[in-house]
Structure formats: C-alpha cells, structure tokens
Amino acid sequence: MKLVHVENYDEMSMQAARTVFDKITSSERVVLGLATGSTPEKMYDYLVDMLNKNKVDLSHVYTVNLDEYVGLDADHPQSYHQYMNRIFFDRVDIPKNHTFLPNGAAENLEDEVAEYEKLIEELGGVDLQILGIGRNGHIAFNEPGTAFDSETHVVDLTETTVNDNARFFDTIDEVPKQAISMGLSTIMNAKSIVMMASGEEKADAITAMMEGEVDESLPASILQRHHDVTVIADRKALREG
Ligand code: F6R
C-alpha cells in the first residue's frame, strides 16, 4: 500500500480530487467506483470545481456506487442516491444514464444484488475505486466477519454502524438496518483504489488495516493484498500529533 501523509481533511480532499481528476482527464473511458459518507464530501466539492473550471467533457465517465440502504426509495432524502445527486451528479455533466447505485427499494433483493454485480462486470469493471473506512474497519458496508470472497450482497448493519448513521435521521427507528453493498471481492477487482481517512476516530482502523493481520475480522485488511492501493490519510488518522 502506498501511504500519502497529509495535514488535514482539506488536504486529503484536495489530493483525492486531484487523483480522480487526473484519472478522468487521462482516460478515453473510465469507470469510477464512488463512496458516500462524510469523508468524501469535500473531495466531491474540489472535483466539481476542477471539472467545471476546466470544462472537462464527461461523456466518457461511468460511475458505480458502493452501496445503498435497503428500504429507502431513490428519492428519500437520506438515500445514497440523493446524496450523490446533491453532492456530485447534479453539479457536473456526467450523463445521468452513466451513473449507477444499487436499488435499495427493489422488490427482489437477491435479483438486485446479482444484477448489480453483473452490471459492474458489463461496464468492464471499476478502474478507480474511492473508499472511506468505518471505525470498525468496514469498507462499503462489509462489516467485520464478511467473507473476503463476497460479491454484492445484502448486509445486516451492526449496532455501531446503525448508531453512527443515526445522526442523519430523526429517530433511531428510522435508521435502516440493512444495506446492499458491493462485496470485498467486488472491491478487490477494481484496478486501482484510493482510500481516504481523516480524524482520530479512524486511527485504530487505519493502523490495523495497514499493519495488522489480513483477517476477515478487519475487512479493510484485505486491501494489503491489492497491488494498487493509495491511502490518503491525515495526521490525526495516522496519530502523528
Ligand atoms: C459509504 C461507505 C462506508 C463509509 C464509512 C465511513 O459509501 O461505503 O463504508 O465509507 O462508513 O463513513 P464516513 O466517511 O461517514 O466516516
């Protein structure tokens, strides 16, 4: 794993945006794997600015998101569909029919997960995958104990994750308890991966991911087996004072 040390959240966001921008502008066709959550928010801001200021043509860009909550319609304000529209898709000219997220409101979830996995394959796989990390070492919604060979699947969220997400909902009962998530093998199929981490609450997970055993108890540790991972982490996430 390549580690890029940065000062703070702002610098992490700028560096990650620059990496995505370079990938977009140097490719004839590109499939981006995208993440939601707090970590990439400012990265999207920087990326939107870079793309718009440079009037970059985006007709060659395709995106697939890591995950979506089960039970939320695409137009629910807390759905990842809405997050992506608000923070990225509505602000740039990527053709809307090139952007994909799992359908958490699908009637048949088993069909949905299989179709999502097939879609990624048909797009030719992910060229650059953006990741954040959970305090418990999860990536996408692959919680501790998820099989390393998992493909896109339905996940029961842990209490930690449900509690972490509660800040976005009025009551704990409204917080979804399941999600559709790319699996760990789906993520490992990406040609290159950028993991972003900011803040001391991520420090234990980042240390274990980079230095600990590769074990299903820490899903992100599987990234040690990928040949092209860049970790962009700030001083707090690296416990550098
Ligand atoms: C989001 C995702 C999650 C988050 C992780 C960290 O698409 O896949 O794994 O990256 O939960 O969340 P934040 O960035 O909110 O700390």
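Since every read-out is calculated from the coordinates, none of them should be taken as a lab result. As the structure is a computational prediction, the values presented were derived from the model and not from experiment. Heads up, the Cβs are rebuilt from the backbone with ideal geometry, glycines too, and the neighbour counts pull from every protein chain shown.
Tabulated values for the structure
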{"item": "Counting DSSP beta bridges with both ends in the chain, the antiparallel % (nearest 5)", "result": "25 percent"}
{"item": "Charge dipole magnitude, Cβ of K and R +1, D and E -1 - the range 80-147, Cα centre, debye nearest 20", "result": "480 debye"}
{"item": "Cα shape, the range 27-103, gyration tensor, a/c 1.5 rule", "result": "prolate"}
{"item": "Lysine pair number, Cα distance threshold 23 Å (strictly under), the chain, separation 8 or more or different chains", "result": "21"}
{"item": "Within a Gaussian network of the chain (alpha carbon springs, distance under 10 Å), most fluctuating of 143, 216, 122", "result": "122"}
{"item": "Sparse-neighbour loop sites [GluC sites (Glu not before Pro); the range 1-70; at most 14 other C-beta within 10 Å; DSSP]", "result": "7, 28"}
{"item": "Of the trypsin sites (Lys or Arg not before Pro) in the range 31-99, those whose Cβ has at most 10 other Cβ within 10 Å and which sit in DSSP loop", "result": "55"}
{"item": "Dipole magnitude (debye, nearest 20) for the range 11-124, charges at Cβ of Lys, Arg, Asp, Glu", "result": "720 debye"}
{"item": "Cleavage-rule hits (chymotrypsin sites (Phe, Trp or Tyr not before Pro)) in the range 140-241: DSSP loop, at most 14 neighbouring Cβ within 10 angstrom", "result": "169"}
{"item": "Within the range 102-197: Cβ-based charge dipole about Cα centre, in debye rounded to nearest 20 (Lys, Arg +1; Asp, Glu -1)", "result": "540 debye"}
{"item": "Choice from 137, 212, 33 showing the highest fluctuation, given a GNM over the chain with Cα pairs closer than 10 Å", "result": "212"}
